[in-house]
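Enquirer: Can you keep this structure in mind? I'll have questions shortly.
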Amino acid sequence: QVQLVESGGGLVQPGGSLRLSCAASGISSRYNVMGWFRQAPGKQREWVATISPGGRINYRDSVKGRFTISSDNDNKMVYLQMNSLKPEDTAVYYCYLHWVNDAYWGQGTQVTVSS
């Protein structure tokens, strides 16, 4: 059974930093893509950043230069370093895994940026 477990969310002031972690288990071969999505109250879930095992990385425009995604393929971990956080980054952040032909989601971790 595939499981994704996130950690690292919390409350931070504007301009602050947080680091999210996601641990994947239950996958028996190399994944296709891992990454992060987020969903703010009253809005649709949106893609934030993705990374492939080969290191191909993509970011949505609004986080470029502030967020950094990285992975540890041996331990099936993905991270999201978030710097210069803004109130509009407030959302539940979800870890995402695409493996074989299926997509999997973590339970989500709340990130709140507020003074």
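Since every read-out is calculated from the coordinates, none of them should be taken as a lab result. Remember, predicted model here, so these are calculated numbers, not experimental data. Every residue, glycine among them, receives a Cβ derived from its backbone with ideal geometry; neighbour counts consider all protein chains shown.
Enquirer: What share of all Cα pairs of the chain, in percent, falls into each consecutive 10 Å distance bin?
Expert: Spelled out per bin, shortest first, that is 15, 50, 29, 6, 0.
Enquirer: Please list 3J(HN,Hα) in residue order for segment 78-95, calculated via the Karplus relation 6.51 cos²θ - 1.76 cosθ + 1.60 where θ = phi - 60°; whole Hz, with x for glycine and proline.
Expert: Along segment 78-95, the couplings run 9, 10, 9, 8, 10, 10, 6, 5, 10, x, 6, 7, 4, 4, 8, 9, 10, 6 Hz.
Enquirer: So, in nm, how far is label residue 11 from label residue 27 when the simple model puts each one 7 Å beyond its Cα toward the Cβ?
Expert: 3.4
Enquirer: Continuing with this model, one more query. At 1.002 mPa s and 20 °C, plugging the Kirkwood radius over alpha-carbon pairs of segment 49-115 into Stokes-Einstein gives what diffusion coefficient in µm²/s?
Expert: Rounded to a whole number, D works out at 162 µm²/s.
Enquirer: Over the chain, what relative contact order in percent results from Cα pairs under 8 Å that are six or more residues apart?
Expert: Here the relative contact order equals 37 percent.
Enquirer: Continuing with the same structure: Quickly work out the residue 64-to-residue 47 label distance, labels modelled 7 Å from Cα along the C-beta direction, and quote it in nm with one decimal.
Expert: Modelled inter-label distance: 1.4 nm.
Enquirer: So between residue 72 and residue 114, what do we pick up on full extension, going 0.36 nm a residue minus the alpha carbon distance?
Expert: 12.1 nm
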